[in-house]
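This report refers to the structure that appears directly beneath it.
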Amino acid sequence: MALVNSTLMNETMRAVVWQGNAYNVAVVDLPMPTIINQTDAVIRMSRAAICGSDLHIYRGTNDGMPAPFGLGHEGVGYVSEIGTGVGSLRVGDPVIVPFTVDQGHLHTDLTSSLYASYGNGGDIGGTQAEYLRVPFADDGLIPIPSLEHTNPTTNESVSLINDYVMISDIFATGWAALDYAGFQPGDTVAVFGAGPVGLMTAYSATLRGASKVYSVDYVGDRLDLAESIGAIPINFQDADPVDQILALEPDGVSRSVDAVGYEQVNRNLTVQSDVIIHNMLAVTSAGGGLGTVGVYNPQSNNTATAPRASTVHTDVNFSLSDFFSGGYKWAAGPSDPIELAPNLVHLVASGKARPGFIVSDVIDIEDAPQAYARFERHEATKVIIAFD
């Protein structure tokens, strides 16, 4: 049964919106979200983040829903309203908004499927807005007990809130990347990509007891950040990254991770969607594991939803006989922040993990278009939009 007469009806909010033009986003007024179903909650956003996956939309290569639609799928906020069917949350509760949307029913499929998420079109909305409606809120939000009495204006509290924002996607994704690769404490790990997900993968590997972590990228500031958490930086523009890693690990690494996805670049900084998988196979020791969490979207000629989707090429050729004889294991896909939340929230609440170290920019929502452009140019590592 739908509920009406929300106190926020007929009001507007500011939101970051994709309007269908490559390399361009706008901040506009949208109708305030309202309670539609009994199991909904409306969240007053405190922090939202710009993700590398948002750049696929920004560049016009993500073939998804027709524009316009609100952007963003990472964030933390406070419960503003709840439907009568919400039992575990109260108005004012601080929560993480994970990028995965709970679907409200039991899945009995034998195979996993991609999750619905915010910021990709439809009527769900995006987290880069002052308010957000969350369906099936009891199971679709992650409570944050340690923020219940936190003043969001103090430096310590701002840092802690930023830590929790990372659990909504990239910390969980970096953690899951290691699971996909079959990680065990003591393993050596090569992480391809030192963007937000790659840094979270390297950080997770360190937290989980990796003996050595190699971080492969070409952006100096990101490699410096990787080195600051104990990873060994590998600049693939200086020399072939395979040669650099094998010079230090003659037998190869135990695990390797693709944290970039289909818009990865080669040493000439030209998009080449298969360069990382070939490098991973070349540096991973026999019997080792590979994990892919970088996004791979299909090629499409549908310019109505993505003007540059036809530039995407995701076919990869490699030797199955080599893969077979090497005894490799390879898993790929998105993470599930809700499933990982108990562990990751505890790590942050206890002070054992501080994933917000990657935040380079904290901005007002009105500055989002410029921040997207800086992020695209690798002039920012992780951008947080602050609403309070």
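The values are calculated or read from the model by the stated rules, or taken from the named source; none is laboratory data. Keep in mind it's a predicted model, so treat the numbers as computed, not measured. Neighbour counts run over all protein chains shown; Cβ positions are idealised from the backbone, glycine included. Each accessible area value is taken on the protein alone, full model and side chains, heavy atoms only, with ligands, DNA and RNA left out. Shrake-Rupley method; radii C 1.70, N 1.55, O 1.52, S 1.80 Å.
Placing +1 on the Cβ of every Lys and Arg and -1 on the Cβ of every Asp and Glu, with no other charges, gives the stretch 219-307 a dipole of roughly 280 debye about its Cα centre. Shown here: the chain, whose C-alpha atoms stretch 66, 47, 43 Å along the first, second and third principal axes, sorted largest to smallest. Basic side chains Lys and Arg get +1 at the Cβ, acidic Asp and Glu get -1 at the Cβ, and with that the dipole of the chain about its Cα centre reaches some 120 debye. One decimal place: the segment ASP251-PHE318 gains 22.1 nm when fully extended, by the rule 0.36 nm per residue minus the C-alpha distance.
Residue-normalised convex hull volume from the C-alpha trace of the stretch 243-289: 71 Å³ per residue. When TYR372, TYR23 are compared by accessible area at a 1.4 angstrom probe, the order from most to least is TYR23, TYR372.
Using C-alpha pairs below 8 Å separated by at least 6 residues, the relative contact order for the chain is 19 percent. Bridging of LYS382 to aspartates and glutamates at a Cα separation below 15 Å is possible for ASP54, GLU74, ASP163, ASP169, ASP221, ASP224, ASP361, ASP364, ASP367, once same-chain residues fewer than 8 apart are set aside. Backbone N atoms of the stretch 211-242 closer than 20 Å to the 7 Å Cα→Cβ label point of ARG354 belong to residues 222-232. What's the longest piece of the chain with no exposed GluC sites (Glu not before Pro), counting a site as exposed if DSSP puts it in a loop and it has at most 16 other beta carbons within 10 Å? It runs 149-378.
Here the Gaussian network model covers the chain, with springs between Cα atoms less than 10 Å apart; of ALA194, ALA332, ALA176, ALA332 fluctuates the most. For the chain, modelled as a GNM whose springs connect Cα atoms under 10 angstrom apart, the maximal fluctuation among ALA239, ALA353, ALA226 occurs at ALA239.
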